[in-house]
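Reviewing the structure listed below.
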Amino acid sequence: MNYFRDLKEEELPTFPNNTILVGLTGSRLYGMDTPESDYDWKGIFQTPTRELLGISTPPDTIVTNKPDVSLYEIQKFIQLALKANPSILDLLYSPKESHLIITKVGTQLREIRQCFLSETHVRNAFGGYAYQQFKRLEKRGDFGSDIKKRYSKHARHMFRLLDAGAQLLTTGTMDVAVHNRDELFQLGELPPEKLVPIALDAIEKFNGLPSVLPE
């Protein structure tokens, strides 16, 4: 799969020299992009020990817009990964073809990615995020076109999160690309009164899944 087919050279972001891993994230990574979708990037950088031992605290997060880039210092990244933060785990489970930068240390992180997984945190993170999205959708009544677009996107990604979390719980691994794109887009077009019972049923099934992960 060519993840960068529409990316122009001038749209490529620049990264600090101590960056160890950068990959595509968001709708283009999941195979849920539309013509309006832009490129989103997530990555890891490694602060030199000399700076960590200094009297000032170096930044642990770097965020820019246009292009959208979020970089995390490796310690911060590991802390988020241990909590099963879905967008953080994406970087460890996404295909290498979706990466712009991958160093030896970045490769080592990917090789031990299962060490970050636990049943409790995967259930809380993936199921919890999906439930938060559901509550947002449940409150929606009549809405204009712009809100409708966000509603549809939230609905699609709610079910995507549940599917990704289910993969981790039941198999211990995850394919970040969706295999039911058409179904997810159809769900995103349902009005709240039809979507809510489907979402509740999906969340209930997720909560009842057996797990191969350590507690």
Length-normalised contact order of segment 115-215, Cα under 8 Å, at least 6 apart, in percent, tallies to 43
Given unit charges at Cβ for Lys, Arg (+) and Asp, Glu (-), the dipole magnitude of the chain about its Cα centre in debye, nearest 20, is 280
From highest to lowest solvent-accessible area (probe 1.4 Å; ligands, DNA and RNA excluded), H154, H121 read H121, H154
Measuring from the longest principal axis of the C-alpha atoms of the chain, the long axis of helix 145-171 (C-alpha) lies at a number of degrees, nearest 10, equal to 70
So for segment 65-145, using the alpha carbon gyration tensor with a ≥ b ≥ c as root eigenvalues (a/c under 1.5 gives rounded; past that, a/b versus b/c decides prolate or oblate), I'd call it oblate
Bridge orientation stat for the chain from DSSP, antiparallel percent rounded to 5, came to 70
Judged on accessible area alone, 1.4 Å probe, highest first, S37, S94 line up as S37, S94
At 37 °C in a medium of viscosity 0.692 mPa s, segment 21-81 has a Stokes-Einstein diffusion coefficient, with Rh taken as the Kirkwood radius over alpha carbon pairs, in µm² per second, of 252
Nearest 10, in degrees from 0 to 90: the angle of helix 128-138 to the longest Cα principal axis of the chain is 40
Residue separation between E183 and V212 times 0.36 nm, minus their alpha-carbon distance, gives in nm 7.7 nm
To the nearest 10 degrees, the tilt of helix 192-207 (Cα long axis) against the first principal axis of the alpha carbons of the chain is 60
For 155-167, 69-81, 175-187, ranked highest to lowest by mean beta-carbon neighbours within 10 Å, the order is 155-167, 69-81, 175-187
Loop-resident GluC sites (Glu not before Pro) in segment 1-54 with no more than 16 other Cβ atoms inside 10 Å, DSSP not H/G/I/E/B, are E36
Cross-link reach from K8 to lysines, straight Cα distance under 22 Å and at least 8 residues apart if same chain, gives K42, K66, K96
Among segment 153-175, those whose backbone N falls under 16 Å of a label point 7 Å along Cα→Cβ from V196 are 155
Residue-normalised value, i.e. accessible area per residue, for the chain at 1.4 Å probe, in Å², stands at 55
Heavy-atom accessible area of segment 72-215 with neighbours in place, 1.4 angstrom probe: carbon+sulfur share in percent works out to 53
With a Förster distance of 25 angstrom and the Cβ-Cβ distance between N2 and E36, calculated FRET efficiency to the nearest 0.05 equals 0.85
The whole-number value in µm²/s of the Stokes-Einstein translational diffusion coefficient for the chain, with Rh from the Kirkwood sum over alpha carbon pairs at 20 °C and 1.002 mPa s, is 116
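The values are calculated or read from the model by the stated rules, or taken from the named source; none is laboratory data. Bear in mind the structure is a predicted one, so any value in this text is a computation, not a measurement. With ideal geometry, Cβ positions are generated from the backbone for all residues, glycine too; neighbour counts draw on all protein chains shown. Just so you know, the surface numbers come from the protein's heavy atoms only, side chains and all, with ligands and any DNA or RNA stripped out. Shrake-Rupley method; radii C 1.70, N 1.55, O 1.52, S 1.80 Å.
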